[in-house]
Amino acid sequence: MERLFTTHRVRISKEAAPLWQLTTPDEGGAEGPLLVPVPGVWESQPTLRSYRGRGVYETQVDCGGNVRFQFGGVSFRALVRLDGQELCRHYGAYTAFDAVAEALPRGQHTLTVEVDNRFGEDSALHLPNDYYAYGGITRPVLVEELGDAYITRMQVAPAMTPEGWRADIRVWVRSLSDAPGEYYLRLTMPELCEQGMPVKLQPRQEKMVHCAVTCPDAVAWQPLQPKLYTLEARLEKDGAPVDDLCDRFGFRRVQTEGRHILINGERVLLKGFNRHEDWGSFGCAVPLSAMQQDLAMMLDLGCNCVRTCHYPNDPLFLDLCDELGILVWEESHARGLSEERMRNPHFMEQSILCTREMVEQHYNHPAIFIWGCLNECADDTPYGAECYRTLYGLLHELDASRPVTAALLERPGGLVYDAQDVVSINIYPQWYHNRPISRQIDAKRAEIAAGGGGEKPLIISEIGAGAIYGYHDPLSRCKWTEERQCDILREQITTVLAEEAVCGILLWQFADCRVTEEEWFDKRPRTYNSKGVVDEYRRPKMSYAVVKELFHRC
Ligand code: ADA
């Protein structure tokens with residue numbers, strides 16, 4: 001399933017077959033072809049649990065005419081072929097991409113996707129890390145039949161005016177024809193209003209159409225009290241429908257005011273978790289029911305916020321957050337890159353691509369209240385700081401309505417506090433060091449103030465401690481026991497929530513996640529980052545009850 005709602009009533013849009021043939025030609029691959037589910041990761045297959053290499057997926061599609069193939073996510077390099085001819089390539093596991101094959105004869109066609117999850121110099125963002133770079137077609141594949149023009153995407157920007165809510169609507173329409181065409185674009189927002197306008201397209205032109213509508217009766221999307229609306233865009237020619245696209249949005253405004261974050265004018269205290277897209281043997285291809293369970297648990301724990309560390313998430317997860325009123329910090333892909341790694345010649349181009357795709361694809365989700373980038377990279381060197389400034393600038397250019405931030409390292413020397421709208425820091429007192437928590441926050445605040453970020457909202461974007469599920473020692477309470485994790489989390493949460501200057505705490509992390517053996521096995525027992533309050537199968541550790549008690553208290 002691609003989304004939680006119907007996206008097309010006119011366009012013929014089908015999911016590709018649920019089972020594809022997979023061959024794994026590199027060392028450690030399976031003997032012969034396997035029949036595997038799409039979406040899925042190949043690590044779910046018993047013989048491919050640790051396979052790193054190429055995987056060639058193949059299926060048959062029955063279609064004809066102008067056909068759009070949309071890939072929700074392929075981890076993490078994709079080379080797509082149709083009937084043996086290259087259709088497109090894509091780098092990056094966590095955003096969608098598409099390609100249109102024109103004038104296909106109607107009938108069976110062979111769709112092949114060569115997936116590659118090997119690390120290498122050409123990959124600046126996917127590298128050995130404290131989470132796993134899975135292999136596979138991990139999100140749905142859509143096969144869509146188009147006419148001679150289609151709607152590529154749309155953006156709804158809500159704005160609060162003295163007359164009430166206004167929606168600024170932008171719709172991109174693309175011609176697939178060699179002749180000019182005259183169309184009519186009909187925009188319907190059920191319960192609110194209807195608008196329409198003629199659109200003239202030159203041959204092969206992509207055009208953005210803009211209009212603004214006032215919606216005095218619109219009800220705001222609020223945290224934990226969500227109200228969602230639908231925008232249906234329909235393209236017509238000579239009175240007949242040619243194409244359509246439906247998306248959901250909400251009316252809500254995000255502002256920063258001094259040290260506070262305001263949602264629809266009201267201060268919000270963020271309480272939540274960092275969550276990797278990773279679930280036991282499903283890897284990053286998390287099924288809807290498991291996503292829903294994660295969010296149900298987070299609500300049970302008293303959360304109002306989740307951070308999609310360290311990359312854009314599945315739109316289905318964002319849809320659920322929209323429906324539940326859970327605020328989302330979504331960030332583009334990057335974790336812990338040194339200056340040397342940021343100097344990889346592909347780094348900027350791949351970061352810009354991922355950032356652009358994230359914002360363009362997820363813009364309409366009201367749950368997303370802030371954009372992030374470059375978790376714990378080299379913000380303390382002039383070159384690294386320049387990269388931060390470039391990505392902050394790009395995020396602002398792509399979306400002027402949301403603040404930007406980045407989760408920065410605990411170490412001193414940050415050079416970008418002035419450049420972000422919200423300052424966020426990751427701290428691990430009592431786990432990686434024993435400096436008292438409030439002293440740590442005070443020292444960091446002084447440094448942030450000296451760097452020009454003193455009057456901005458401050459989020460503790462990561463804090464936490466490890467525990468191996470089922471490992472107990474109530475007497476020694478040594479590190480890795482569930483008891484010690486409780487002790488540390490209790491002190492961390494209580495201290496942070498008592499800090500007036502802090503407007504949010506995001507615990508590291510919701511669930512244990514797999515890490516790469518390369519570079520990480522010695523720091524991570526079981527090759528898992530075990531700082532979850534639930535393990536990778538969502539079995540609660542003792543700390544679950546501690547967080548629940550403390551989060552419900554405020
Ligand atoms: C960092 C990082 C996380 C994780 C965490 C930890 O803050 O952002 O991805 O590695 O540390 O567990 O140490």
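The values are calculated or read from the model by the stated rules, or taken from the named source; none is laboratory data. Source: prediction; values computed, not measured. With ideal geometry, Cβ positions are generated from the backbone for all residues, glycine too; neighbour counts draw on all protein chains shown. For accessibility, only protein heavy atoms count, side chains too; no ligands or nucleic acids. Shrake-Rupley method; radii C 1.70, N 1.55, O 1.52, S 1.80 Å.
Please go through the range 389-410 and give me each residue that is within 16 Å of the ligand (Cβ to nearest atom) and part of a loop (DSSP other than H, G, I, E, B), ordered by number.
Going through the range 389-410, the residues within 16 Å of the ligand (Cβ to nearest atom) turn out to be 405-410.
If the condition is that a residue be within 16 Å of the ligand (Cβ to nearest atom) and part of a loop (DSSP other than H, G, I, E, B), then ALA406, LEU409, GLU410 are the ones that fit.
What are the residues in the range 357-388 that are more than 29 Å from MET160 (Cβ to Cβ), touching a residue at least 12 places away in the same chain (Cβ under 8 Å) and either under 16 Å from the mean Cα position of the chain (by Cα) or not in a loop (DSSP other than H, G, I, E, B) (or both), if any?
Hits for the range 357-388 are LEU374, ASN375, PRO382, TYR383, GLY384, ALA385, CYS387, TYR388.
Report yes if ARG52 is assigned to a loop (DSSP other than H, G, I, E, B) and within 29 Å of ASP322 (Cβ to Cβ), otherwise no.
Considered against the rule, which asks whether it is assigned to a loop (DSSP other than H, G, I, E, B) and within 29 Å of ASP322 (Cβ to Cβ), ARG52 comes out as no.
Here's the yes/no breakdown for (1) open to solvent by 40 Å² or more (accessible area, probe 1.4 Å); (2) of a type in the set (Val, Ile, Thr); (3) more than 16 Å from ARG139 (Cβ to Cβ):
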{"position": "THR7", "(1), (2), (3)": "no, yes, no"}
{"position": "ARG11", "(1), (2), (3)": "no, no, yes"}
{"position": "LYS14", "(1), (2), (3)": "yes, no, no"}
{"position": "GLU27", "(1), (2), (3)": "yes, no, yes"}
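Looking at SER281, SER289 in this structure, which one is part of a helix (DSSP H, G or I) and without any contact (Cβ under 8 Å) to a residue 24 or more places away in the chain?
Checking each option against the conditions leaves just SER289.
Pull up the range 316-339, narrow it to residues that are open to solvent by less than 20 Å² (accessible area, probe 1.4 Å) and in a loop (DSSP other than H, G, I, E, B), then point me to the one that is farthest from the ligand (Cβ to nearest atom).
GLY325
Is it fair to say SER543 is within 16 Å of the ligand (Cβ to nearest atom), among the hydroxyl-bearing types (Ser, Thr, Tyr) and at pLDDT 95 or above?
Values: within 16 Å of the ligand (Cβ to nearest atom): yes; among the hydroxyl-bearing types (Ser, Thr, Tyr): yes; at pLDDT 95 or above: yes.
Judged against the criteria, SER543 is a match.
Just need a number here: residues in the range 366-384 that are open to solvent by less than 10 Å² (accessible area, probe 1.4 Å) and out of contact with any strand residue (DSSP E or B) (no Cβ under 9 Å at 6 or more places or on another chain).
Within the range 366-384, the subset open to solvent by less than 10 Å² (accessible area, probe 1.4 Å) is 366-375, 377-379, 384.
From the residues that got through so far, the ones that are out of contact with any strand residue (DSSP E or B) (no Cβ under 9 Å at 6 or more places or on another chain) too are 378, 384.
Residues meeting the conditions: 2.
Table: residues versus (1) open to solvent by 10 Å² or more (accessible area, probe 1.4 Å); (2) touching a strand residue (DSSP E or B) at 6+ places or on another chain (Cβ under 9 Å); (3) under 26 Å from GLU499 (Cβ atoms).
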{"residue": "LEU245", "(1), (2), (3)": "yes, yes, no"}
{"residue": "PHE249", "(1), (2), (3)": "no, yes, no"}
{"residue": "GLN255", "(1), (2), (3)": "yes, yes, yes"}
{"residue": "VAL268", "(1), (2), (3)": "yes, yes, yes"}
{"residue": "ASN274", "(1), (2), (3)": "no, yes, yes"}
{"residue": "SER289", "(1), (2), (3)": "yes, no, no"}
{"residue": "GLN292", "(1), (2), (3)": "yes, no, no"}
{"residue": "CYS305", "(1), (2), (3)": "no, yes, yes"}
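I need every pair where a residue in the range 146-158 that is under 30 Å from PHE369 (Cα atoms) has its Cβ under 7 Å from the Cβ of a residue that is surrounded by fewer than 18 Cβ atoms within 10 Å (Cβ to Cβ) and of a type in the set (S, T, N, Q), sequence separation at least 6 or different chains.
ALA157/SER401
Pick from TYR132, TYR94: which is buried (at least 23 other Cβ atoms within 10 Å of the Cβ), under 26 Å from the mean Cα position of the chain (by Cα), more than 28 Å from ARG174 (Cβ to Cβ) and within 16 Å of the ligand (Cβ to nearest atom)?
Just a single option satisfies the conditions, and that option is TYR132.
So, in the range 161-197, of the ones that are part of a loop (DSSP other than H, G, I, E, B) and in contact (Cβ under 8 Å) with a residue 40 or more places away in the chain, which residue ends up least open to solvent (accessible area, probe 1.4 Å)?
LEU176
So which pairs qualify, if the first residue must be in the range 250-271 and closer than 21 Å to ALA449 by Cα and in a strand (DSSP E or B), the second must be of a type in the set (Asp, Glu) and modelled with pLDDT of 95 or more, the Cβ gap must be under 6 Å, and the two must be at least 6 apart or on different chains?
From the range 250-271, the pairs are THR256/ASP421.
Restricted to the range 436-458, and to residues that are in contact with a Gly (Cβ under 9 Å, 6 or more places away or on another chain) and of a type in the set (A, V, I, L, M), which residue is farthest from GLY413 (Cα to Cα)?
The extreme case among them is LEU458.
Looking only at the range 264-315, filter to residues that are away from the ligand (no atom under 16 Å from the Cβ) and of a type in the set (S, T, N, Q); which one of those is nearest to SER44 (Cα to Cα)?
Ranking the candidates gives SER281 first.
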